[in-house]
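Novice: Have a look at this one.
The values are calculated or read from the model by the stated rules, or taken from the named source; none is laboratory data. Note that the structure is predicted; figures quoted are calculated from it, not measured. Note: ideal-geometry Cβ built from the backbone for every residue, glycine included; neighbour counts use all protein chains shown. Surface areas here come from the heavy atoms of the whole protein model, side chains and all, with no ligands, DNA or RNA. Shrake-Rupley method; radii C 1.70, N 1.55, O 1.52, S 1.80 Å.
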Amino acid sequence: MSSLSDSEPAELQALQAQGDVSAAAELEREVARRRTFAIISHPDAGKTTLTEKLLLYAGAIELAGAVRGRKDRRHATSDWMELEQQRGISITSAALEFELQGRRMSLIDTPGHKDFSEDTYRALIAADSVVMVIDAANGVEDQTRKLFEVSRRHRLPILTFVNKFDRPSRDPLELVDDLERTLGIAAAPVNWPIGSAERFRGVYDIGRKALLRYEREAQGQYRAPVDISSLDDPAAREMIGAEEFARFRESLDVIQAAGTSFDAAEYRAGRQTPVFFGSALTNFGLEPFLQALVELAPPPQERPSDSGTISPLDDRFSGFVFKIQANMDPRHRDRVAFVRVCSGRFTKDMTLLNSRVGKPLRASRAYRFFGRDRETINVAYPGDIIGLVNPGHFAIGDTLHSGAPLRFLDLPRFPAEHFGRVRLKDVRYKQFDDGLRQLEEEGLMQLFYVAAGRREPIVGVVGALQFDVITSRLRSEYGVDAEIEPAGYSLARWLGNPDQPAATPGGQSAVAADRLERRVFLFGSEWELQYYERHHPGVTLLSESPVA
Ligand SMILES: Nc1nc2c(ncn2[C@@H]2O[C@H](COP(=O)(O)OP(=O)(O)OP(=O)(O)O)[C@@H](O)[C@H]2O)c(=O)[nH]1
Ligand SMILES: [Mg+2]
């Protein structure tokens, strides 16, 4: 860069102003082309399969892997964890970034199982919109309903993909009705399925008045060719079969006469969800869905903070940590903090402030993700999900920023409901300790040490399946053999005032400390907690750990 020191002050100012204008224009351009969305649903509806196929159709992968891949076949990109591949379920959310038609797409595949829902909730907060997957045989299921409610609370626009039409499915009219009644949102079909199971023939694009016929491609590893024709095409009618065609025409007439019609503004306002039908596994209906994501999904939105609403175009950098994951890359074995960029431009080596700690730090290495794989980056913009290597500097919920202080709203923390005693079965104490500490940092569990008796740590988790995740990850990532046996507690309460003397609870309850030596009561039951509260009204008990 040439020195500007000889320039006249006025010239300097003009140059500076020019720079500001082009920086602002660049920020605006980059924000406008970003789409950050999370895929949600009840377990098994096909989120990971749909994710994999969207990557395939976007050209981000050449060959689609499967959730339950046979030994020699590739696994789905977003289920990269060993235990995920063994069990064929998603356990942790995965971020994938790819380019599509000039857009920068950031997709978050989330686990559907309720035991992992804390992770899913946080992923929703990092997104600007949502893809909701429905199993065509089951309609709206429990966990989908809950996640839908959270999405609605955060005003996230929702696109719906009704999946598994290659299998026996409910009548599409019934499915649309189920969406509208169970969720209380208008559901506007964008396309309409023709048949299901072995008589599934494709979908009819209502807006474009085109019939999309699909050839079933073996196992759906490659993109399937799409054949487009008009409804009046005799060849199409023949291919579908007279009976199936008549049934399809009838239900199409009903939905067109009585159904909600698609309206992009209503979708953006969260008042309607456009509905697409297809089958992720066998590659039916993916092109129109991907196209809708490109055309309809909103760019990065403004976000509430303690100092007012933050626009993505705000020139100071801001973002928040919504996830921490250790050992993603077996070669590096480091801990990565996932940051959703909310405003401004991130540049490598920039100095960031952490609103919790107040100590500046330099972001010397940043990554973007594609499942387990990562790539170093030098700049990032709002909407991006970046990874910062975390040597213990970050906690979930931290706001990172440059410029004037700000803090985004706290992320939800779910209280632990299951407690177990972790027993080390070998002598790798240090690895055991590191493992527990790092998994706690991820938010996978809470760690307690009971004051009296055995020094074995107690872990508290939201869902019992997390016990399996803890022992499996201790083994595969830390080389530690441990087992967890149930401990007789069901609630943890921190003391609001740590210096205040407080009576020890009786019964099955115990006095413990968390990692930061804060006092915690572990109660055997809700009843024991209430009993304690009744008899010690002066003691403040908190269901969440007080902020460090
Ligand atoms: N027949 C059929 N099976 C499908 C389809 N999509 C997914 N599956 C199967 O359904 C099962 C669950 O699929 P996943 O993609 O893992 O579902 P998920 O929603 O990611 O599940 P979790 O992440 O564990 O909540 C797998 O065996 C898939 O192969 C489909 O379109 N048709
Ligand atoms: Mg999954």
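Novice: If you take the square roots of the eigenvalues of the alpha-carbon gyration tensor of region 165-298 and sort them as a ≥ b ≥ c, do you get rounded (a/c under 1.5), prolate (a/b over b/c) or oblate?
Specialist: Here region 165-298 falls in the prolate category.
Novice: Which whole-Hz ³J(HN,Hα) couplings does region 457-466 yield from phi under the Karplus relation 6.51 cos²θ - 1.76 cosθ + 1.60, θ = phi - 60°, glycine and proline marked x?
Specialist: x, 9, 10, x, 10, 6, x, 4, 4, 5
Novice: Rg(Cα) of region 196-247 divided by 2.2 N^0.38 Å?
Specialist: Compactness ratio reported: 1.16.
Novice: Let me ask something additional. Using only DSSP helix segments of four residues or longer, with each worth -39500 (n - 2.57), what per-residue ellipticity at 222 nm results for the chain after dividing by its residue count and rounding to 500?
Specialist: The helix contribution divided over the chain gives -8500 deg cm²/dmol.
Novice: Could you check the simple spin-label distance between R437 and S229, using points 7 Å along Cα→Cβ, in nm with one decimal?
Specialist: So the label points at R437 and S229 sit 6.7 nm apart.
Novice: Based on the Kirkwood radius over alpha-carbon pairs, what value in µm²/s does the Stokes-Einstein equation return for the translational diffusion coefficient of region 144-228 at 37 °C and 0.692 mPa s?
Specialist: Translational D for this selection: 224 µm²/s.
Novice: Can you list the HN-Hα couplings for region 154-169, worked out from phi with the Karplus curve (6.51, -1.76, 1.60; θ = phi - 60°), rounded to whole Hz and with x for Gly and Pro?
Specialist: Ordered by residue, 3J(HN,Hα) equals 8, 6, 8, x, 10, 9, 10, 10, 8, 9, 6, 6, 6, 10, x, 10 Hz.
Novice: Could you pull out every residue, at least 5 positions away or on a different chain, whose amide H is within less than 5 Å of the one on A188? Hs are placed 1.01 Å off N in the peptide plane, and Pro or chain starts have none.
Specialist: T273, V275
Novice: Let me ask something else. Calculate, for D171 and A10, the FRET efficiency according to 1/(1 + (r/R0)^6) with r their C-beta to C-beta distance and R0 60 Å; round to the nearest 0.05.
Specialist: The formula returns an efficiency of 0.25 here.
Novice: Still on this structure, please answer the following. Just the Kirkwood number for the chain, please: inverse of mean 1/r across all distinct Cα pairs, in Å, one decimal.
Specialist: 25.5 Å
Novice: Determine ³J(HN,Hα), in whole Hz, for all residues of region 132-142 in sequence, where each value follows from phi through the Karplus function 6.51 cos²θ - 1.76 cosθ + 1.60 and θ = phi - 60°; x replaces Gly and Pro.
Specialist: Whole-Hz 3J(HN,Hα) from phi for region 132-142: 9, 9, 10, 7, 5, 8, 10, x, 6, 9, 3.
Novice: May I ask for the distance between the Cα centers of region 416-456 and region 351-409, given as a whole number of Å?
Specialist: 27 Å
Novice: Moving on. Could you compute the FRET efficiency for E250 and R145, with r as their C-beta to C-beta distance and R0 at 41 Å, rounded to 0.05?
Specialist: E(calc), rounded to 0.05, equals 0.85.
Novice: State the extension gain, in nm to one decimal, for the chain segment bounded by R199 and T309, taking 0.36 nm per residue of separation less the distance between their alpha-carbons.
Specialist: 34.5 nm
Novice: While we're looking at this one, here's another question. Using a 1.4 angstrom probe on the protein heavy atoms only, line up E28, E238 by accessible area, largest first.
Specialist: Numbers: E28 110, E238 150 Å².
Solvent-accessible surface, decreasing: E238, E28.
Novice: List the lysines whose alpha-carbon lies under 23 Å from that of K53, not counting same-chain residues fewer than 8 positions away?
Specialist: By straight Cα distance, K53 reaches K71, K164.
Novice: Something else about it: On a 0 to 90° scale, report how tilted helix 9-32 is relative to the longest principal axis of the chain, with both axes built from alpha carbons and the result rounded to the nearest 10.
Specialist: 70 degrees
Novice: Compute the Cα gyration tensor for region 59-161, then decide on rounded, prolate or oblate, letting a ≥ b ≥ c be the square roots of its eigenvalues: rounded whenever a/c is under 1.5, prolate when a/b is larger than b/c in the other cases, and oblate in all that remain.
Specialist: Oblate is the answer for region 59-161, as a/c is 1.5 or above yet b/c matches or exceeds a/b.
Novice: Using only Cα atoms and rounding to the nearest 10 degrees, what angle (0 to 90) does helix 429-441 make with the longest principal axis of the chain?
Specialist: Roughly 60 degrees between the two axes.
Novice: Give the residues of region 463-478 whose amide nitrogen is closer than 16 Å to a point set 7 Å from the Cα of K425 in the direction of its Cβ.
Specialist: 467-478, by backbone N distance to the label point.
Novice: Quick query: amide H of S305 versus all other amide H atoms, modeled in the peptide plane; which residues come in under 5 Å with a sequence gap of 5 or more or a different chain?
Specialist: Result for S305 returns I310.
Novice: So who's got an amide H within less than 5 Å of the one on D135, skipping anything under 5 residues away but keeping other chains? H placed 1.01 Å off N, in plane.
Specialist: Residues meeting the amide H criterion: N163.
Novice: Here's something else I'd like to know. How long are the three semi-axes of the equivalent ellipsoid of region 258-325, in whole Å, if each is the root of 5 times an eigenvalue of the C-alpha gyration tensor, listed from largest down?
Specialist: Equivalent ellipsoid of region 258-325: 32, 18, 11 Å, largest first.
Novice: Just round it to a whole percent: the fraction of Cα-Cα distances in region 90-134 exceeding 13 Å.
Specialist: 57 percent
Novice: What is the gain in length, in nm to one decimal, between Y531 and A404 on full extension, counting 0.36 nm per residue of separation less the C-alpha to C-alpha distance?
Specialist: Numbers: separation 127, 0.36 × 127 = 45.72 nm, distance 4.67 nm.
Extra length from Y531 to A404 when fully extended: 41.0 nm.
Novice: Calculate the FRET efficiency for E243 and E287 from the Cβ-Cβ distance with a Förster distance of 25 Å, rounded to the nearest 0.05. Please list the in-between numbers first.
Specialist: Numbers: r = 27 Å, r/R0 = 1.09.
Taking R0 as 25 Å, the efficiency between E243 and E287 is 0.35.
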